[in-house]
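I have placed the structure first, in the form of structure tokens, so that the comments after it can refer back to it.
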Amino acid sequence: MGKPGYPVRKLLAIMPGAGFLRRTRVFSEVSRRLFPQGAQNSQSSAEYLRKQRLIAGGETDYERWTNGVSLDPAWNGRAQCVARQVEAGSVVLDLGAGDMAIERFLPPECTYIPCDLTRRDSRTIVCDFNRGEFPKLETISVVTALGVLEYIYDARRFLVALAGYRAKILLTYSPTDFTPVPKRIYHGWVNSFSQKELAREAEMAGLRVKSIQQIDQRQVLVSALA
């Protein structure tokens, strides 16, 4: 998880209840290391500082995720890869649905249920996972969560909620094996797990991890059963 003592590592160990001032001081130290002197007025630095304030307060980034521009078309490849793991006729709950790309790649006769921070269409169930909000649904066959866990402050609570659906879980994540700690804050990611740590966290949440496979240069796909 990066070099011992590096301030980002300290930050990622601090959860929202640890105190606003302590988190803010750590972020200030990280900012000085990530941006050279005089770069504080750059667009990159401004965006980093915006994320700094949100993460220091334990807040969800509503501004980013309610802006359709933030939904990267490059994520379609990930969705297509995950859809191959879904059987025909499945009832699929897509947590953090975004532009609902995975729906286009699902096999025949699947029922698709999108859930996100903001309404993407009339079917969307609106939830903020960082507030412990999850759809109360039964008879779900598959739960997908693509590029979501990185933005969850209480990862254990999120994984426990997934286990509660008693379904097949398809989860993508960018582990520290491929993206080191210093870069994670800039992406707005609020937790830091290696592949082994993620597998252990999932098992402790009540999931049986069947496989973890690398799907691109920085992401893995976790397949698990509750």
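The values are calculated or read from the model by the stated rules, or taken from the named source; none is laboratory data. Because the structure is predicted, anything quoted here is derived from the model rather than measured. Positions of Cβ are backbone-derived with ideal geometry, glycine not excepted, and every protein chain shown enters the neighbour counts.
Is it fair to say T118 is assigned by TED's automatic domain parsing to the domain that holds N191, within 27 Å of R218 (Cα to Cα) and not in a strand (DSSP E or B)?
Details: assigned by TED's automatic domain parsing to the domain that holds N191: yes; within 27 Å of R218 (Cα to Cα): yes; not in a strand (DSSP E or B): yes.
Yes; evaluated as a whole, the condition is true for this residue.
Within segment 129-149, is even one residue acidic (D, E) and under 20 Å from Y173 (Cα atoms)? Let's see the steps before the verdict.
Taking segment 129-149 as the starting set, the residues that turn out to be acidic (D, E) are 133, 138.
Narrowing the set further to residues that are under 20 Å from Y173 (Cα atoms) leaves none.
No, there is no match, as no residue in segment 129-149 is acidic (D, E) and under 20 Å from Y173 (Cα atoms).
May I ask you to verify whether F134 is assigned by TED's automatic domain parsing to the domain that holds R84, surrounded by 22 or more Cβ atoms within 10 Å (Cβ to Cβ), of a type in the set (F, W, Y) and modelled with pLDDT of 95 or more? Give the derivation first.
Details: assigned by TED's automatic domain parsing to the domain that holds R84: yes; surrounded by 22 or more Cβ atoms within 10 Å (Cβ to Cβ): no; of a type in the set (F, W, Y): yes; modelled with pLDDT of 95 or more: yes.
Against the criterion (assigned by TED's automatic domain parsing to the domain that holds R84, surrounded by 22 or more Cβ atoms within 10 Å (Cβ to Cβ), of a type in the set (F, W, Y) and modelled with pLDDT of 95 or more), F134 does not qualify.
Got a sec? Which of A202, A161, A155, A167 is surrounded by 14 or more Cβ atoms within 10 Å (Cβ to Cβ) and either of a type in the set (D, E) or closer than 20 Å to A83 by Cβ (or both)?
Exactly one of A202, A161, A155, A167 is surrounded by 14 or more Cβ atoms within 10 Å (Cβ to Cβ) and either of a type in the set (D, E) or closer than 20 Å to A83 by Cβ (or both), namely A167.
Please find, within segment 54-87, the residue that is surrounded by the most Cβ atoms within 10 Å (Cβ to Cβ) out of those that are at pLDDT below 90 and polar (S, T, N, Q).
N76
Please verify whether L106 is surrounded by 14 or more Cβ atoms within 10 Å (Cβ to Cβ), in the same structural domain as Y153 (by TED's automatic domain parsing), over 14 Å from the mean Cα position of the chain (by Cα) and touching a residue at least 60 places away in the same chain (Cβ under 8 Å), treating the condition exactly as stated.
Values: surrounded by 14 or more Cβ atoms within 10 Å (Cβ to Cβ): yes; in the same structural domain as Y153 (by TED's automatic domain parsing): yes; over 14 Å from the mean Cα position of the chain (by Cα): yes; touching a residue at least 60 places away in the same chain (Cβ under 8 Å): no.
Spelling it out, it is not the case that L106 is surrounded by 14 or more Cβ atoms within 10 Å (Cβ to Cβ), in the same structural domain as Y153 (by TED's automatic domain parsing), over 14 Å from the mean Cα position of the chain (by Cα) and touching a residue at least 60 places away in the same chain (Cβ under 8 Å).
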